[in-house]
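These notes concern the structure reproduced below.
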Amino acid sequence: AAIYAAAQSTLSTGLNSVATSWTLDIQSVITKDMSMEKQTKIAKFISLGVGVVAIVVSIVMANGEIKSAYEWFNSFMGLVLGVLAGIFVLGVFSKNATNIGAYVGFILSAMVVISLKYNHPEVTSWSYSIITIVTSFIVGNIVSYLYIKVKNVSVNKEETIHPKDIA
């Protein structure tokens, strides 16, 4: 019973976090001046949707040829979060990062890791995160540099965090 209670608590916390993040961080930007009732209604639908997706994924995993849920989860996180972490690293450690560079870095690193997953299965899934972080950082810097040179635009240095600025 204790294990069931712990699992239930983890699931409800996850659903609540996703619904709250969506409602406050995304939906409130899309729809300005939204009432609390509307936010609550949206959060309930998001929780329901995420719950249904979780059930479908669990059925697929139970009936699929997945040997380890832990390894599958880490592979999935490497595919998804590695790309986002790469863009984060680009924004934090590059003085010249632009939104165009971030978009291209995001898309290209996602394409690289998906290509690795399906065309080169010998590359371990444990390396996906580092590959996507490095790819998005390098590509984002190159594209940002070229964009600045070609378009002759300047980057607002006051909005950029850089290690030299912190000290």
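Per residue, how much space in cubic angstrom lies within the convex hull of the C-alpha atoms of the chain? Walk me through the intermediate numbers first.
Values: hull volume 31.5 nm³, N = 167.
Considering the Cα atoms of the chain, their hull volume per residue is 189 Å³.
Would you mind putting 21-32, 56-67 in packing order, based on average other-beta-carbon counts within 10 Å, highest first?
So the peptides 21-32, 56-67, ranked by packing, come out 21-32, 56-67.
Can you count the Lys pairs in the chain whose Cα atoms are under 18 Å apart, with each pair 8 or more apart or on different chains?
7
Expressed as an acute angle from 0 to 90° and rounded to the nearest 10, what is the orientation of the C-alpha long axis of helix 36-63 relative to the principal long axis of the chain?
The answer is roughly 80 degrees.
Ranked highest first by the average count of other Cβ atoms within 10 Å around their residues, in what order do 130-141, 86-97 fall?
Listed from highest to lowest mean packing, they are 130-141, 86-97.
Bear in mind these aren't lab numbers, they're just calculated from the coordinates by the rules spelled out. Predicted model only: the values in this text are computed from it and were never measured. Cβ coordinates were reconstructed from backbone atoms using ideal geometry, including for glycine residues, and neighbour counts include every protein chain displayed.
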